[in-house]
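The structure appears below as structure tokens.
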Amino acid sequence: MRELIINVPSVQTLWQRSTSVIFTFVFWVVWFFLWIPLATLIAWYLGIDLVYFQMFELDGFRIVMKDFIRFILVVGLLGGTLGLWAAYNYLRFKGREKRKALPQLSEHTLADYLGIDIEILKGYQQERALSVKFDDSGRILAITRLQEATDEGERKP
Amino acid sequence: MTDKRMDWESLVPWASAIMQEIGIFAQAVIQGLYRIGEWLWLNLFHFLLEFAFFYPLFMAYLWMIGAVIYYVRWERKEGDGPQDMPELPAYPPVSIIVPCHNEGDVVRETIEFLLLQKYPNYEIIAVNDGSTDNTLDILRELAAKHDAVRVINLESNQGKAMALNTAALLAKHEFLICIDGDALLAPEAVVWIMRHFLSGPRVGAVTGNPRIRTRTTLLGKIQVGEFSAIIGLIKRAQRIYGRIFTVSGVIGAFRKSALHRVGYWGTDMITEDIDISWRLQLDHWDIRYEPHALCWILMPETLRGLWRQRLRWAQGGAEVLLRYFRRLGMWRRRRMWMVYVEFLVSVFWAYTMLVTFLFWLAGYVIELPPQLVVPTMLPSWGGVLLGLTCLFQFAVSLFIDSRYEKGIGKIYYWLIWYPLIYWVISVMTTVAGVVKAILKKKGTRAVWVSPDRGVR
């Protein structure tokens, strides 16, 4: 049996593999770039002066903090609402299944639905191989037995 | 006569004054409307920009929080992994249905893997749906060799929904496990799935946990992460909410009596899995998620294959939006409203992103007023937030998902592509999928499309 995980880099060309690695590396660099403002802040706090990084204005920092707190509040509101809803359902329904169990689908019901005799339906359900013919609109026209391949049949030239 | 003429003449100055006042008033109203319009337009644009950026971030945190609640509430108490199967109070017989269309390369492996199921009583119904390759011959051979295997041959290509319907009607048992013809169902999966049907009389369906086999290319690796970090989190969070958007098309289990009540699968919906999920939940059946029911699947590893697949998913979602809009207008169906609204908002987001992108592009070609310029992400605190969110999301999904797959952490190096790939493909397929859904002729039957099965 084949392996569950299929990872065969040899199927790809060197160019394809290299491009994937290079572009992914580039995206990690971009991701690190996203952290520049935070890195600037930390560097400034630590007293590190680097030519590229600029000093962060206190007023600007206040606005950022205000926006960040608003963001956290919205996330908290959304998550909290979901959590409260889950808690409500837990307290209301835990261990209490008020909804009735419906009976299993009976063969009579199914035979009526298909418009066939129940014995015919049972026969179909026992058959190992069936063939179904449809019309253009997808209605079943006929269900017949499909002749099974036998081991002897396979060995014949 | 003379009196009337004199009355008319005396009214003229009055009329003139009134007209003047009306004119001034109308001018003020028009100017006011113009200013409101201008304010709305500029602020709407600003609102849309903020929405385009923050919506996926807020949703990411919502999925993460929901997934963590699910994990704490259920998952961490459920044994040491998929191999640690629960003891069931009973083992009712099940029918495993495998619809196939041109699966000659893979179906033998699928069926032989199914025969390893650690469940005492089951039948396998392989449905050949008008295949033009040797699928039928292989299925007949397997049926001759193994007593548990039955074959149903549809003499003409009828589509997956019809294949499932036919098999469901001819199956012996009440519980149906439906997998794709190229999927490998883990041997413990049926046990894990059946515990839901036995513990909940109103459980109409259970969706399993698809794991991706095809990981050769970058796209393959990204999708591994996507299924773990996005789809896995979303399914868990939706279970915490209480309603899910869709069962997984590749591994879904159903109660036949529930299917019978809702009329089985619709043959005119391009994604029959989303459609059946909505039918069942609108009929007040529960759909559960079972992360231990692993199913190893093949996913597209070319852009073309991925595009076609995701376009089909987007179109399917849009078709469901259009079809079930009216049916949701009932108080007793209120629990589906949030699922509907969330999907609707995600469609709106896709179009917003398109508009934002077009304005961003336009900013390079023509000079836009400053309020209409799309700001860049680098470097900005918005960018920090994006980076932070990526980090959290990967960490949460890695923590939750690692029990199902050892060594999945290696994948996370490649996931850095994910936001771009997801946002671009999701936006484009949603924009195109909605249009296709609207333009689709009513009653058009969905037929099989040969899938991209990855690099092997």
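For the reader, a short list of remarks on this structure follows.
- Screening residue B:142 on (1) touching a helix residue (DSSP H, G or I) at 6+ places or on another chain (Cβ under 9 Å); (2) more than 15 Å from residue B:158 (Cα to Cα); (3) in contact (Cβ under 8 Å) with a residue 40 or more places away in the chain; (4) not charged (D, E, K, R) shows it passes everything except condition (3).
Residue-wise test of (1) within 30 Å of residue B:81 (Cβ to Cβ); (2) in a loop (DSSP other than H, G, I, E, B); (3) in contact with a helix residue (DSSP H, G or I) (Cβ under 6 Å, 6 or more places away or on another chain).
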position	(1), (2), (3)
B:261	no, no, no
B:266	no, yes, yes
B:270	no, yes, yes
B:290	yes, no, yes
B:293	yes, no, yes
B:307	no, no, no
B:320	no, no, yes
B:341	no, no, no
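- Residue in region B:360-368 that is modelled with pLDDT under 85 and within 14 Å of chain A (Cβ to nearest Cβ) present: no
- Residue in region B:209-223 that is away from every other protein chain (no Cβ under 12 Å) and under 30 Å from residue A:92 (Cβ atoms) present: yes
- Residue in region B:213-220 that is among the hydrophobic types (A, V, I, L, M, F, W, C), part of a helix (DSSP H, G or I) and under 27 Å from residue B:405 (Cα atoms) present: yes
- Selection of region B:28-48 for residues being aliphatic (A, V, I, L, M) and under 15 Å from residue B:359 (Cα atoms) yields B:42, B:44, B:48.
- Within region B:400-423, the residues that satisfy the criterion of being within 13 Å of chain A (Cβ to nearest Cβ), over 18 Å from residue B:388 (Cα atoms) and free of Cβ contacts under 8 Å to residues at least 60 places away in the same chain are B:406, B:407, B:410.
- Scanning region B:28-62 for residues that are more than 10 Å from every other protein chain (Cβ to nearest Cβ) and either within 30 Å of residue B:294 (Cα to Cα) or touching a Ser or Thr at 6+ places or on another chain (Cβ under 7 Å) (or both) yields B:48, B:49, B:51, B:52, B:56.
- Against the test of being closer than 22 Å to residue B:126 by Cβ and at the interface with another protein chain (Cβ under 8 Å from one of its Cβ atoms), the options B:172, B:160 yield a single qualifying residue, B:172.
- The listed residues are A:56, A:33, A:61, and the only one of them that is surrounded by 11 or more Cβ atoms within 10 Å (Cβ to Cβ), assigned to a helix (DSSP H, G or I) and either at positive phi or modelled with pLDDT under 70 (or both) turns out to be A:61.
- Some residue of region B:8-27 being more than 28 Å from the chain's Cα centre (by Cα), loosely packed, with under 11 Cβ neighbours inside 10 Å and of a type in the set (Ser, Thr, Tyr): yes
- Residue selected from region B:253-288 under the condition more than 14 Å from every other protein chain (Cβ to nearest Cβ) and over 14 Å from the mean Cα position of the chain (by Cα), by the criterion nearest to residue A:97 (Cα to Cα): B:287
- Residue ID - surrounded by the most Cβ atoms within 10 Å (Cβ to Cβ), chosen from residues in region B:210-250 that are among the hydrophobic types (A, V, I, L, M, F, W, C) and without any contact (Cβ under 8 Å) to a residue 60 or more places away in the chain: B:247
- Selection count where residues are modelled with pLDDT under 90, closer than 26 Å to residue B:138 by Cβ and either among the aliphatic types (A, V, I, L, M) or touching a Cys at 6+ places or on another chain (Cβ under 8 Å) (or both), scope region A:113-140: 1
- When region A:104-115 is filtered for residues that are more than 7 Å from chain B (Cβ to nearest Cβ) and assigned to a loop (DSSP other than H, G, I, E, B), the ones remaining, listed by number, are A:106, A:115.
- Failed condition for residue B:233, given (1) within 18 Å of residue B:310 (Cα to Cα); (2) in a helix (DSSP H, G or I): (1)
- Scanning region B:63-112 for residues that are in contact with a helix residue (DSSP H, G or I) (Cβ under 8 Å, 6 or more places away or on another chain), within 12 Å of chain A (Cβ to nearest Cβ) and at pLDDT below 90 gives a single hit, B:73.
- Across region A:117-136, the number of residues qualifying as at the interface with chain B (Cβ under 10 Å from one of its Cβ atoms) and either of a type in the set (S, T, N, Q) or part of a loop (DSSP other than H, G, I, E, B) (or both) comes to 7.
- Residue count for region B:226-251 under the criterion of being away from every other protein chain (no Cβ under 14 Å) and in contact with a Leu (Cβ under 9 Å, 6 or more places away or on another chain): the result is 4.
The values are calculated or read from the model by the stated rules, or taken from the named source; none is laboratory data. Note that this is a predicted model, so its numbers are computed, not measured. Here the Cβ is made from the backbone with ideal geometry for all residues, glycine too, and neighbour counts use every protein chain on show.
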